[in-house]
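One structure is given below, encoded as structure tokens.
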Amino acid sequence: MSAAPEYQLGEQKYRWPIPPEGGWTADDLDRIPGLPPHTELIDGSLVFMSPQRKFHTRTMWLLENALLAHMPTDLDVDREMTIKLDSGNRPEPDLLVYRTEADTGPDQTWYEPQDVVLAVEVVSPDSQERDREVKPRKYAAAGVPHFWRVEANGEGLPIVYVYELDPALMAYTPTGIHHNRLKLDVPFTIDVDLTAVNRRR
């Protein structure tokens, strides 16, 4: 593996990996040294995450706890784990619900798309195009049956855009836009007070 010349930002020096011909592969993501946390692979290119806003953190906390409280025992939820869609794509949804049989232990770093029931993306200013267009399209093409996109309204409360896979088209169909309350019957029954995003107890 080759590395680029050092790049200096202030007092800090960086050495970024140079991609091989044809781009990185999904398996490379576990082997490239020194990558920042939560690096994704999209179309063979590395995508680095910016520091997250409080809205992002609080929304993930709210939804993760709600999912844990409502999901059946044969499902579980993880935050910030990648899905190996194909050799050139390993995106990292903010939350994913997966079949418990797919859990291989504490060293696991990714899931197969057929084991994922729901992918959730909380949109940040630097991820709008990826979270609204690129990643949902790839999740759908890989057969992930449910997708939620979460954005902030003008008051800093979450709005949840819910999608379900049309298996004939392998594309998502919108099934609802949820303000203040998220109440669904699929992929399992769930009822979430979205206004509680900033309540800690």
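The values are calculated or read from the model by the stated rules, or taken from the named source; none is laboratory data. The shown structure was predicted, so the numbers you read here are calculated from the model rather than taken from an experiment. Cβ sites come from the backbone with ideal geometry, for glycine too, and all protein chains shown count toward neighbours. To get the accessible areas, we keep the full protein, side chains included, count just its heavy atoms, and leave off ligands, DNA and RNA. Shrake-Rupley method; radii C 1.70, N 1.55, O 1.52, S 1.80 Å.
Could you identify the single residue in GLU129, GLU133, GLU164, GLU112 that is touching a residue at least 24 places away in the same chain (Cβ under 8 Å) and either open to solvent by 20 Å² or more (accessible area, probe 1.4 Å) or of a type in the set (D, E, K, R) (or both)?
Within the list GLU129, GLU133, GLU164, GLU112, the selection yields GLU112.
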Taking region 27-60 as the region of interest, how many residues are assigned to a helix (DSSP H, G or I), closer than 22 Å to ASN198 by Cα and either open to solvent by less than 60 Å² (accessible area, probe 1.4 Å) or not hydroxyl-bearing (Ser, Thr, Tyr) (or both)?
6
Looking at region 185-196, can you tell me whether even one residue there is of a type in the set (Asp, Glu), open to solvent by 40 Å² or more (accessible area, probe 1.4 Å), touching a strand residue (DSSP E or B) at 6+ places or on another chain (Cβ under 9 Å) and closer than 22 Å to LEU75 by Cβ?
yes
Take LYS138 and decide whether it is out of contact with any helix residue (DSSP H, G or I) (no Cβ under 7 Å at 6 or more places or on another chain) and without any contact (Cβ under 8 Å) to a residue 40 or more places away in the chain.
no
Can we say ASP86 is out of contact with any helix residue (DSSP H, G or I) (no Cβ under 9 Å at 6 or more places or on another chain), open to solvent by less than 80 Å² (accessible area, probe 1.4 Å), at pLDDT below 95 and of a type in the set (D, E, K, R)?
no
Assess whether ALA69 counts as being aliphatic (A, V, I, L, M) and surrounded by fewer than 13 Cβ atoms within 10 Å (Cβ to Cβ).
yes
Looking at (1) surrounded by fewer than 20 Cβ atoms within 10 Å (Cβ to Cβ); (2) within 19 Å of the chain's Cα centre (by Cα); (3) at pLDDT below 95, find the lone condition where ARG201 falls short.
(2)
Of all residues being exposed (fewer than 15 other Cβ atoms within 10 Å of the Cβ) and touching a Ser or Thr at 6+ places or on another chain (Cβ under 9 Å) in region 72-83, which is farthest from VAL116 (Cα to Cα)? Just the residue, please.
THR73
